[in-house]
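Here, each number is a calculation from the coordinates, and none is a lab measurement. Quick caveat, the model's predicted, so the values are computed rather than measured. When we count neighbours, we look across all protein chains shown, and the Cβ atoms used for this are built from the backbone with ideal geometry, even at glycine.
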Amino acid sequence: MLEEEQYIVSVLALPPNKQLAFALLIFERMLPSLIAFSEDARFDVSSCLQAREAAWAWLLNGAVDQGLSQACLRSAPDTDEFSRPMTSYALNAALAMSDIVEFTQDRRTDHIACVLTLVRDSLHLYLSGLEPSLVSSPEKDRRIAQHPLMKQEQRREEGDIEFLSGLPGRFDPKTIAVLRQRASDQTSMFPLIP
């Protein structure tokens, strides 16, 4: 596996359309937690779903309504208001989509780096919940970093980078269909909490 710094450099070295595709593939793994939260809490996440479709469309036509980013932020669940198990994961997914939309506007790579941080934070939170101890420690963090689910996500991301690197520079409808199929073939980044 790539070292963390090399890994981020390899993502950010991709052209903007491939960086966005990479972030969308990650979001698709985060999406089941957002949907599960929405169903459990009867919470409207339609703006995030609309932003998702707009971001996929951006890969072909380069236009996304900037208001969708703010709509995602407004529809992000408040962890002070909701105490359901999926709240924090849904929040991270909504924030990731907001960053994805922002990236379509300004192409700043810090948005892609933020999506990477949010997926890692979600996995870390999930894996921390599996540990009997509530106290964070360097040893616990090492165990989490080596956990099979964390390693699986890293392999998926590396596979996404490799896959995207092999695609043509400009995306056409056929390429988008292949990307969407890859996204739909994925499973959630972790088992959903009932």
Pulled fully out, how much extra length does the chain show between residue 167 and residue 124, if you take 0.36 nm times their separation in residues and subtract their Cα-Cα distance?
12.4 nm
About its Cα centre, how strong a charge dipole does the chain have in debye, to the nearest 20, once Lys and Arg get +1 and Asp and Glu get -1 at the Cβ?
440
Model label zone, residue 176; criterion: amide N under 11 Å from point 7 Å along Cα-to-beta-carbon; scope region 26-62
53-62
Ranked output for segments 169-180, 105-116 by mean other Cβ atoms within 10 Å, highest leading, reads 105-116, 169-180
Under a Cβ-only charge scheme (Lys and Arg +1, Asp and Glu -1), can you give me the dipole magnitude of region 94-183 about the Cα centre, in debye to the nearest 20?
280
For the residue pair residue 139 and residue 74, what label-to-label distance in nm results when each label sits 7 Å from Cα along the Cα-to-beta-carbon direction?
4.9
When the chain is fully extended, how far beyond the present Cα-Cα distance does residue 10 get from residue 113, taking 0.36 nm per residue of separation?
35.9 nm
Using the per-residue mean of other Cβ atoms lying within 10 Å as a proxy for protection, in what order, highest first, do the peptides 88-99, 43-54 fall?
88-99, 43-54
Give the residue from 77, 112, 58 lying farthest towards the positive end of the charge dipole for region 1-136; charges sit on Cβ (+1 for Lys and Arg, -1 for Asp and Glu) and the dipole is referred to the Cα centre.
58
Just going by the charge dipole of region 87-194, with Lys and Arg at +1 and Asp and Glu at -1 on Cβ, which of 127, 177, 101 is farthest out on the positive end?
177
Counting each DSSP H run of 4 or more residues in the chain as -39500 (n - 2.57), what helix-only mean residue ellipticity at 222 nm follows after dividing by all residues, to the nearest 500 deg cm²/dmol?
-24000 deg cm²/dmol
Working note, the chain: Cα radius of gyration (Å, one decimal) and Dmax (Å, whole number) are 16.4, 50
